[in-house]
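Beneath this line is the structure, given in structure tokens, with notes to follow.
Computed from the coordinates by the stated procedures, all read-outs in this text should not be read as laboratory data. Not measured: the values here are computed from a predicted model. Cβ: placed from backbone, ideal geometry, glycine included. Neighbour counts: every protein chain shown.
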């Protein structure tokens, strides 16, 4: 979810027009305990390229959770997206607790005075899976170059990709923490991630109705999604359809780094939305955009 009272005004655009101004980033932060972290120091799995990101955890009341531990969890999440983080520079992030525990997580448009993106999450205590789930969703908004307007008919695609990121991260940590936990005594938490994802999937609202094909279901939900992109149960079902694309080839997250680099809020169809995304994306990543489009258009045009 993205939002803030201070939302930059979007310049008038035509379909697929490039935004008036894009962030100029040249970020390189080092250090482990200072809140600035290089993923290369964390030994990511496989041959993922080195990437650099700044993540700071606000020293605040986390309901008994220690900021240093929360920092380790969100860094572990970031490692899962190493390919995407290495693709293009990314803005520095500050993770904060929501004002009230019941407030929804969000990524704020208003940056901190030092230029950090404010990511607010409502997880508390030592519920590491909840921290990972929420942070991965909000991190995905940053990866996708979140921008105004807050609401447009195709925002549900970005919101659903962010839910993919949550599921992807939980699955990633359930595997990596079995053999390479941040601390040796945290290895037992790997099964907790597996359990969390299983419970998340088992909720009736997160499962397609029995016997209803995904394409038919999506067609019946499209009007509501255009009006309310953050229909979390619907986003979750869509994410479950998209997740195999990213699990089979994590390089697909590289394509997400080019989402919203051109203004897609004025487009009139899903096909045109993906044309805008593809227009901003290197040819080497077009196959990933095509894969997502294929799942969401079901090989037929959604109007």
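Which order results if 247, 199 are arranged by neighbouring Cβ count within 10 Å, fewest first? Show your work: numbers first, answer last.
On the way: 247 14, 199 11.
By the 10 Å Cβ count, ascending, the order reads 199, 247.
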Q. At what distance in angstrom do the alpha carbon centres of region 247-303 and region 186-235 lie from each other?
A. 21
(Q) With every atom except the alpha carbons ignored, what do you get for Rg and Dmax of region 36-143, in angstroms? (A) 13.2, 40
(Q) Using all alpha carbons of region 172-250, what is the percent of pairwise distances in each 5 Å bin, ordered from the shortest bin to the longest? (A) 3, 13, 18, 19, 17, 12, 9, 5, 4, 1
Q. Stretched out fully, how many nm does the piece from residue 290 to residue 99 gain, at 0.36 nm a residue minus the Cα gap?
A. 64.8 nm
Q. Alpha carbon centre of region 80-153 versus region 50-72: separation in Å?
A. 12
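Work out how much length residue 183 to residue 68 would gain on full extension: take 0.36 nm times their residue separation and subtract the Cα-Cα distance, in nm to one decimal. Could the numbers behind the result be given before it?
Details: separation 115, 0.36 × 115 = 41.40 nm, distance 1.22 nm.
Result: 40.2 nm gained on full extension.
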